[in-house]
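Read the structure below first, then the notes.
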Amino acid sequence: MDLLSIDSLGDAEIADILDRAEMYFTGNRGRRGTERLHGRIVFNVFYENSTRTAMSFATAAHRLGASAISLSVERSSVAKGETLEDTARTLNAMRPDALVIRHRENGAPAAVAMIMDAPVINAGDGTNEHPTQALLDAATIRRRLGRIEGLKIAICGDIRHSRVARSNALLLPRLGAEVRLAGPPELMPDGVPPISIDEAIAGADVVMMLRVQRERLEDELGDAPGEYLARYGLTSQRLATASPEAVVMHPGPMNRGVEIEDRIADDPERSLITLQVEMGVAVRMACLELLIGS
Ligand code: ASP
């Protein structure tokens with residue numbers, strides 16, 4: 001079994017990952033590791049930059065007693081012109097127990113999964129999907145608010161380029177949430193009914209902000225300093241229109257002062273951004289255990 005998309009998972013598997021993650025979250029806080037994957041090997045192959053996802057998959061593997069081995073892509077034979085398929089055949093011949101891959105091209109993890117015998121986990125492919133991020137977002141919401149069903153969740157910003165938004169738009173409604181997607185018109189995907197950021201945030205229980213992915217933009221946005229925050233970012237005034245108990249999320253990396261005001265990002269009561277990172281390790285432990293164990 002591979003984890004390429006949220007749709008790779010059945011409802012029972014999603015419930016299992018969220019429950020296991022909650023258990024590992026508590027264990028990790030108590031610094032309790034397990035040896036459930038003792039002797040197993042997880043390959044981490046990141047063709048795009050990563051801080052949170054790469055480190056948390058490696059930490060998750062270690063906490064389960066497995067070894068994580070990272071390929072430094074920029075120093076690998078990729079730089080000598082080796083194709084993705086040949087790299088996959090080479091890695092497969094070393095018989096890892098799982099392979100975690102991030103790639104700039106949509107569908108690259110699926111192409112690698114055709115070649116690998118071991119389970120492949122998509123750690124973000126282009127603008128397509130980032131399923132473990134959505135799972136950790138769901139686990140974080142559930143931990144803090146106790147449920148997902150019935151919540152209004154605003155996901156705001158660069159929806160067009162966001163694999164996080166896409167995976168969350170698949171996952172959160174399956175768990176009973178109402179998802180509202182909003183962003184600048186030029187950063188909205190075709191076919192998504194446009195609502196304004198203000199409409200999305202009004203009365204929301206969760207406000208998830210996204211980074212403008214300037215590295216994927218063909219044309220500059222041409223925004224003056226401060227303009228994006230004022231028009232589309234999460235300011236205190238906008239947050240005041242959300243539910244009084246609303247929490248704030250961001251998958252990181254943040255562009256402070258662009259999509260989110262500093263003091264909201266650092267608000268110890270409302271910001272779940274650090275909790276998301278902490279939950280990320282637990283969710284990735286749950287995913288590795290489910291996939292390698294099966
Ligand atoms: N870290 C997330 C991703 O890799 C979000 C982002 O880069 O803005 O998709």
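Read-outs throughout are calculated quantities, based only on the coordinates presented, and are distinct from any laboratory measurement. From a predicted model like this one, the values you see are computed outputs, not experimental measurements. Note that we place each Cβ from the backbone using ideal geometry, even for glycine, and neighbour counts take in every protein chain shown.
A dipole drawn for the stretch 29-85 from +1 and -1 charges on Cβ atoms has a positive end, and of Ala66, Ala79, Ala54 the residue lying farthest that way is Ala66. On the basis of the beta-carbon distance and an R0 of 35 Å, Asp11 and Ser77 show a calculated FRET efficiency of 0.30.
For a paramagnetic label modelled on Arg216 (point 7 Å from Cα along Cα→Cβ), amide N atoms under 14 Å away belong, within the stretch 26-48, to 48. Distance from the alpha carbon centroid of the stretch 211-230 to that of the stretch 258-285 works out to 22 angstrom. Rounded if a/c is under 1.5, else prolate if a/b is larger than b/c, else oblate: which is the stretch 83-124, with a ≥ b ≥ c the root eigenvalues of its Cα gyration tensor? Since a/c reaches 1.5 but b/c is at least a/b, the shape of the stretch 83-124 is classed as oblate.
In a fully extended conformation the segment linking Thr90 and Met55 would gain 10.3 nm over its present Cα-Cα distance, using 0.36 nm per residue.
Principal axis extents of the Cα atoms in the chain, from largest to smallest and rounded to whole angstrom, are 54, 43, 30. Farthest towards the positive end of the charge dipole of the chain, among the residues Val120, Gln213, Gly191, is the Cα of Val120, using unit charges on the Cβ of Lys, Arg, Asp and Glu. In a simple Cβ point-charge model (Lys, Arg +1; Asp, Glu -1; nothing else charged), the stretch 1-61 has a dipole of about 540 debye relative to its Cα centre. What the Cβ-Cβ distance of Thr241 and Arg263 gives, at R0 = 25 Å and to the nearest 0.05, is a FRET efficiency of 0.90. Evaluated with a Cβ-only charge set (Lys, Arg +1; Asp, Glu -1), the stretch 140-294 carries a dipole of roughly 600 debye about its Cα centre, given to the nearest 20. Which of the GluC sites (Glu not before Pro) found in the stretch 201-286 are in a DSSP loop and have at most 16 neighbouring Cβ atoms, other than their own, within 10 Å? Answer in residue order: Glu218, Glu220, Glu245, Glu269.
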